[in-house]
Amino acid sequence: MVIHLFTALVLGLAALTDAHGFLKNIQVNGKTYPAWQVGQDDFVKPPPVRYARKLKDNGAVPDFTSKDITCGVGGNIPAEGIIELKAGDKWSSNDVSSTTDADCYLTNLTDDTCRYLAHCTNNDCKSFKGDTGKVWVKIEQLAYNPSANPAWASDLLRVQGARWAVTIPPALAPGEYLLRHEILGLHVADNRMGAQFYPSCTQIRVTAGGVTQLPEGVALPGAYDPDDKQGILTPLWKIQQGQIKYRAPGGEVWEHAAPNANRAGP
């Protein structure tokens, strides 16, 4: 059973500085659940049922030290829908490119990708924002591996047809959670506050599985330091020449997380 994330990545006019993207669809056990459709859903009345929280546009979060980093720019408004699944299920996303030049763009864009879970207070995601406290636990990460082909997670995303699989930890206790999908663009990260974060939050209900509760995690906002020279304020040429060992921000992957469903890390 595979959970797939589908993200739309759009080529800007300046390919190396103007990146765009958003979570488009989620697929669980063969069923597709639409996320907020940027550029469309604002004009639909009544609003359609979506399973990921509203995004204002397809751009990066302008200030990743603000509350917009939690679930993206859009007000962090709870979605109407919630996806039911079991611990151990795999989810898949799709990043459907909207221009024919997107493959070229993705080749030049260097990203890492992360997935986090936060347990909704009182198992009620309709009243939970996750923008205070250390509630976010990293369950999946893929960044830079110079021994892999391709080395960067963004290029693997391109190779996989903009489709990304995530496994819900089998040990996870039932309850309602926000699943936070994030792509981090590093192509202009040698400038302070230049790193480009693209977060999105999907509401899920784990109906069966393990008994393990999430531990204390990291705070979003709070976990991303603009002066982090290994993961955020990071000249790419130094990483690729081996002068810096890249370390993705946001803490370590949870010890009970499932193996990466796309490839082995880091």
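Run Val159 past the list (1) in contact (Cβ under 8 Å) with a residue 12 or more places away in the chain; (2) surrounded by fewer than 24 Cβ atoms within 10 Å (Cβ to Cβ) and report the number of the one that doesn't hold.
For Val159, the exception is condition (1).
Which residues, counting only those in the range 164-174, are surrounded by fewer than 20 Cβ atoms within 10 Å (Cβ to Cβ) and of a type outside the set (A, V, I, L, M)? Steps first, please.
We begin by selecting, within the range 164-174, every residue surrounded by fewer than 20 Cβ atoms within 10 Å (Cβ to Cβ); these are 165, 170-171, 173-174.
Within the range 164-174, Pro170, Pro174 meet the criteria.
How do the pairs read when you match residues in the range 241-266 that are without any contact (Cβ under 8 Å) to a residue 60 or more places away in the chain and of a type in the set (A, V, I, L, M) with residues anywhere that are crowded, with 19+ Cβ neighbours inside 10 Å and in a loop (DSSP other than H, G, I, E, B), using Cβ under 9 Å and keeping only pairs 6 or more apart or on different chains?
Cβ pairs passing all conditions: Ile244/Thr234.
I want to confirm something. Restricting to the range 151-198 and keeping residues that are in a strand (DSSP E or B) and modelled with pLDDT of 95 or more, which single residue is farthest from Tyr51 (Cα to Cα)? Reasoning before the result, please.
Of all residues in the range 151-198, those in a strand (DSSP E or B) come to 152, 163-167, 172, 175-185, 196-198.
Adding the requirement that they be modelled with pLDDT of 95 or more leaves 172, 175-180.
Details: Leu172: 20, Gly175: 16, Glu176: 13, Tyr177: 12, Leu178: 10, Leu179: 11, Arg180: 12 Å.
Among them, the one singled out is Leu172.
Here's a check for you: in the range 120-150, which residue that is at pLDDT below 95 and assigned to a loop (DSSP other than H, G, I, E, B) is farthest from the chain's Cα centre (by Cα)? Even if it seems obvious, please write down each step before you answer.
Applying the first criterion (at pLDDT below 95) to the range 120-150 yields 140-150.
Adding the requirement that they be assigned to a loop (DSSP other than H, G, I, E, B) leaves 143, 145-150.
Values: Ala143: 12, Asn145: 19, Pro146: 22, Ser147: 24, Ala148: 21, Asn149: 22, Pro150: 19 Å.
Result: Ser147.
The values are calculated or read from the model by the stated rules, or taken from the named source; none is laboratory data. Computed from a prediction, not measured in an experiment: that's the story for all the values here. Every residue, glycine among them, receives a Cβ derived from its backbone with ideal geometry; neighbour counts consider all protein chains shown.
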